[in-house]
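The structure under discussion appears below in the form of structure tokens.
Every number here is computed from the coordinates shown, using simple stated rules; none is lab data. All values reported here derive from a predicted model rather than from experimental measurement. All Cβ positions, even for glycine, are placed from backbone atoms using ideal geometry, and neighbour counts span all protein chains on display.
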Amino acid sequence: MDAEQLKRETIAYSKEIGIDKIGFASADVFGELKSRLIRQEQLGYHSGFEKGSPEERTEPERLLPSSQSIISIALAYPSKMENPPKNEKGARRGQFARASWGEDYHTVLREKLQLLGSFLREKVPEVELKLMVDTGELSDRAVAERAGIGFSGKNCAIITPEFGSYVYLGELVTNLPFAPDEPIQEGCGDCNICVDSCPTDALVQGGQLNANRCIAFLTQTKGFLEDEYRTKIGNRVYGCDTCQTVCPFNRKKDFHLHEEFEPDPEKVKPVLRPILRISNREFKEKFGRMAGSWRGKKPIQRNAILALGHYREIEAVEDLVHLMKNDPRPVIRGTAAYSLGKIGTPECFEELEMARGDETDEKVKEEMEKGLAFQMN
């Protein structure tokens, strides 16, 4: 079978298994990306979650020595839900970013790519493949851009004509000589809305992200959140959608093509207080199939505590006092102390004063002082 016929059959099969968009790219070195990655490292803009060296992330033959082409796929996910639960006083809610709605996309995309790989093996038994979804060395966005899936927007997301940027990406590196597709020309033009709207100025300029300032990254860290970001994360417990929701290309883009990605409102907009005392088993049962659970419950709990402080949720005082006095994790004790100060009732300050005398961790004591400082405001 010639490569062109195999490409047509691969595209047809991809539609049969529910892949929303497919594109083909060469396995040449991503030279421009390599230069950008090196520069990002020099500037200290990497998050630390990135896998591999700049060479591994930009040279497909390091991952598959026989590589000749890369197949890029995209699956669309919803941007809206029916009847979202109300965020009310006494039952304040957090929010997971849209990319964590439904079942973990890594699992879903891997299954699609495995089916695609099995199809290719049936056609070409000697085919060699390397599958990646997000956590692999290659940049999903760079591959998708080269394969014509979409263009790289100023918000650093791939923007497709059909689905906006609400797509998950994955790829198969192959030793098959598929003809590459044409890239889509950049389309942001003079628009700078995403850069101007970023809550933490993480978008340094169009197409350049300081990941260390990005709320999507910050909500996944496990330590104390720096003071300047605590009010800016609002009620986000995982991820951030701002640079996508403000994008004109995403206007009226809402696709419900995959049942696996449909949101459970009580999971993606959870009531905050129950999260504070959730056990590991309960956390796994409720949130374990979501992409936003990958770092465990600690970051989610810390963010929930900050959100309750953000709302000045008086009904949460008892829960926060319990955490401040009893939780074995300094980050949770200290963050609870800070949020008690934000809520700012006389009871909050009394409890902070009493707990300060019993606390032995210096960092937690600092957070208690920050909480007590709100009394002066």
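Computed from backbone phi with θ = phi - 60° and the Karplus coefficients 6.51, -1.76 and 1.60, the 3J(HN,Hα) list for segment 360-377 is 10, 7, 5, 5, 5, 4, 4, 5, 5, 5, 4, x, 5, 5, 5, 5, 7, 7 Hz; x is used for glycine and proline.
Legend note: in the chain, cysteines whose Cβ sits 4.7 Å or more from every other cysteine Cβ are CYS156, CYS188, CYS191, CYS198, CYS214, CYS240, CYS247, CYS348. Within the chain, the proportion of Cα pairs with more than 29 Å between them is 48 percent. Pairs from the table (LYS86/LYS298; LYS15/LYS267; LYS21/LYS112; LYS222/LYS363; LYS325/LYS363) lying more than 22 angstrom apart at Cα are LYS86/LYS298; LYS15/LYS267.
Take the Kirkwood radius over Cα pairs of segment 1-154, plug it into Stokes-Einstein at 20 °C and 1.002 mPa s, and you get 120 µm²/s for translational diffusion. Positive-end ranking of GLY357, ALA373, LEU323 along the dipole of segment 312-377, with charges on Cβ about the Cα centre, is headed by ALA373. Estimated purely from DSSP H runs of n ≥ 4, each contributing -39500 (n - 2.57), the mean residue ellipticity at 222 nm for the chain is -12000 deg cm²/dmol once divided by its residues.
Taking one quarter of the surface of the C-alpha convex hull of segment 312-377 gives a mean projected area of 3.7 nm².
Rounded to the nearest 0.05, the FRET efficiency derived from the C-beta distance between GLU182 and GLU282 at R0 = 56 Å is 0.65.
Our summary gives segment 155-222 a relative contact order of 28 percent, counting only alpha carbon pairs under 8 angstrom and 6 or more residues apart. Approximating the spin labels as points 7 Å out from Cα along Cα→Cβ, the GLU88-to-GLU9 distance works out to 5.9 nm.
Expressed as a whole percent, the proportion of Cα-Cα pairs in segment 149-258 lying more than 26 Å apart is 29%. Specify which residue in the list TYR168, PRO346, ASN212 is farthest towards the positive end of the charge dipole of the chain, using unit charges on the beta carbon of Lys, Arg (+1) and Asp, Glu (-1), about the Cα centre. Selected residue: PRO346.
Between GLU111 and LYS252, the contour length at 0.36 nm per residue exceeds the Cα-Cα span by 47.9 nm. Relative to the longest principal axis of the Cα atoms of the chain, helix 31-43 runs at roughly 20 degrees.
Measuring between their Cα centroids, segment 122-138 and segment 155-175 lie 17 Å from each other. Database remark: amide H of GLY170 closer than 5 angstrom to the amide H of ILE73 (H placed geometrically; neighbours at sequence offset of 5 or more, or on other chains; Pro and chain starts carry no H). A straight chain from ASP134 to SER118 at 0.36 nm per residue would run longer than the Cα-Cα distance by 3.7 nm. Comparing GLU313, GLU122, GLU182 in a Gaussian network model of the chain (Cα springs below 10 Å), the most mobile by mean-square fluctuation is GLU122. Between SER35 and GLU228, the FRET efficiency from the beta-carbon distance, with R0 = 30 Å, is close to 0.50. For the pair ILE17 and GLU369, label points projected 7 Å from Cα toward Cβ lie 5.8 nm apart.
The Cα-based radius of gyration and maximum Cα-Cα distance (Dmax) for segment 167-232 are 17.5, 52 Å. Inter-part distance, segment 332-377 to segment 259-294, computed on C-alpha centroids, equals 28 Å.
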